[in-house]
Ligand SMILES: [Zn+2]
């Protein structure tokens with residue numbers, strides 16, 4: 001089926017209804033669905049997208065404290081226009097430097113001394129630096145909290161910063177979640193026949209189609225995964241349309257992944273053009289939970 005999913009990352013306490021509505025009203029009016037990757041207790045992010053100046057405050061803000069946002073999103077859920085997916089507990093990054101394995105939280109206070117010394121900083125997403133027990137507990141708490149607020153069931157997880165390690169993957173499928181995005185070229189999952197078979201098909205596909213990202217659903221038995229195609233200021237649009245056209249020709253699902261806070265100016269125009277192109281070419285607007293079942 002030609003299905004088209006729009007995934008927007010980073011819905012949280014910090015999102016304003018005006019910002020969301022300014023981008024998506026036009027699409028909601030056409031009954032285009034949005035799957036929001038939602039952070040339960042998000043910390044505040046400064047200079048997002050700019051890793052030379054990026055930092056966060058280590059203070060969790062529950063999304064339920066933003067009452068206006070909750071009632072806006074609930075209304076859209078009732079109209080069957082919004083899916084809530086889990087996008088981490090608080091989306092707090094950690095970091096290390098190239099010459100040491102010591103891990104620090106990505107606050108200004110921790111980052112400044114290393115930046116002054118011009119050390120190379122490696123950022124680690126929330127599901128890429130914690131142990132399984134911690135991640136399992138956090139996933140469970142965040143999932144149940146969002147399910148309670150929005151009166152829904154959450155089926156999908158979107159890794160904060162598009163990074164997730166084996167502990168993180170186990171933590172999400174033990175909570176009954178599928179994964180948006182295909183992280184890691186290595187197998188790096190629980191070993192079972194179905195998973196290995198899926199992985200083998202992916203490798204074989206790469207032999208025939210070097211320039212196409214694997215577009216089929218990966219079935220690891222424990223959970224499913226589907227690639228998301230990032231639409232950001234650094235996106236190569238020729239490649240992007242190639243991928244979209246491949247999905248069109250083979251009647252496959254296409255998952256566009258973006259951030260409402262990055263959709264300004266030219267990128268915003270490109271975004272609407274891609275959505276229009278997909279709809280004109282008989283892609284059907286779907287939630288990720290309708291595609292990964
Ligand atoms: Zn994010």
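The values are calculated or read from the model by the stated rules, or taken from the named source; none is laboratory data. These figures come from a predicted structure and were not determined experimentally. Note that we place each Cβ from the backbone using ideal geometry, even for glycine, and neighbour counts take in every protein chain shown.
Scan the stretch 1-47 for residues that are crowded, with 24+ Cβ neighbours inside 10 Å and either free of Cβ contacts under 8 Å to residues at least 40 places away in the same chain or away from the ligand (no atom under 13 Å from the Cβ) (or both) and the total you get is 4. State whether the residues of the stretch 60-81 include one that is surrounded by fewer than 19 Cβ atoms within 10 Å (Cβ to Cβ), touching a residue at least 12 places away in the same chain (Cβ under 8 Å) and either within 14 Å of the ligand (Cβ to nearest atom) or part of a strand (DSSP E or B) (or both). Among the residues of the stretch 60-81, at least one is surrounded by fewer than 19 Cβ atoms within 10 Å (Cβ to Cβ), touching a residue at least 12 places away in the same chain (Cβ under 8 Å) and either within 14 Å of the ligand (Cβ to nearest atom) or part of a strand (DSSP E or B) (or both), which makes the answer yes. Residue count for the stretch 200-240 satisfying the condition of being more than 20 Å from residue 1 (Cβ to Cβ) and surrounded by 20 or more Cβ atoms within 10 Å (Cβ to Cβ): 3. Taking (1) touching a helix residue (DSSP H, G or I) at 6+ places or on another chain (Cβ under 8 Å); (2) in contact (Cβ under 8 Å) with a residue 24 or more places away in the chain in turn, residue 286 satisfies each apart from (1). Taken as a whole, the condition of being under 19 Å from residue 37 (Cβ atoms) and either surrounded by 14 or more Cβ atoms within 10 Å (Cβ to Cβ) or in contact with a helix residue (DSSP H, G or I) (Cβ under 8 Å, 6 or more places away or on another chain) (or both) applies to residue 138. In the stretch 260-275, which residues are surrounded by 13 or more Cβ atoms within 10 Å (Cβ to Cβ) and part of a helix (DSSP H, G or I)? Listed by number, the residues that qualify are 260, 261, 262, 267, 268, 270, 271, 272, 274, 275.
In the stretch 178-192, of all residues being within 15 Å of the chain's Cα centre (by Cα) and in a loop (DSSP other than H, G, I, E, B), the one that is farthest from residue 9 (Cα to Cα) corresponds to 184. Selection of the stretch 155-166 for residues being away from the ligand (no atom under 16 Å from the Cβ) and in a loop (DSSP other than H, G, I, E, B) yields 155, 165. Answer yes or no as to whether residue 52 is within 16 Å of the ligand (Cβ to nearest atom) and at pLDDT below 95. The answer is no for residue 52.
To keep it simple, each residue is scored yes or no on (1) in a strand (DSSP E or B); (2) in contact (Cβ under 8 Å) with a residue 24 or more places away in the chain; (3) within 20 Å of the chain's Cα centre (by Cα).
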| site | (1), (2), (3) |
| --- | --- |
| 49 | no, yes, yes |
| 84 | yes, yes, yes |
| 96 | yes, yes, no |
| 99 | no, no, no |
| 111 | no, yes, no |
| 119 | no, no, no |
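Of all residues in the stretch 103-157, those that are touching a strand residue (DSSP E or B) at 6+ places or on another chain (Cβ under 8 Å) and over 30 Å from residue 224 (Cα atoms) total 13.
Scanning the stretch 167-177 for residues that are buried (at least 18 other Cβ atoms within 10 Å of the Cβ) and in a loop (DSSP other than H, G, I, E, B) yields 175, 177.
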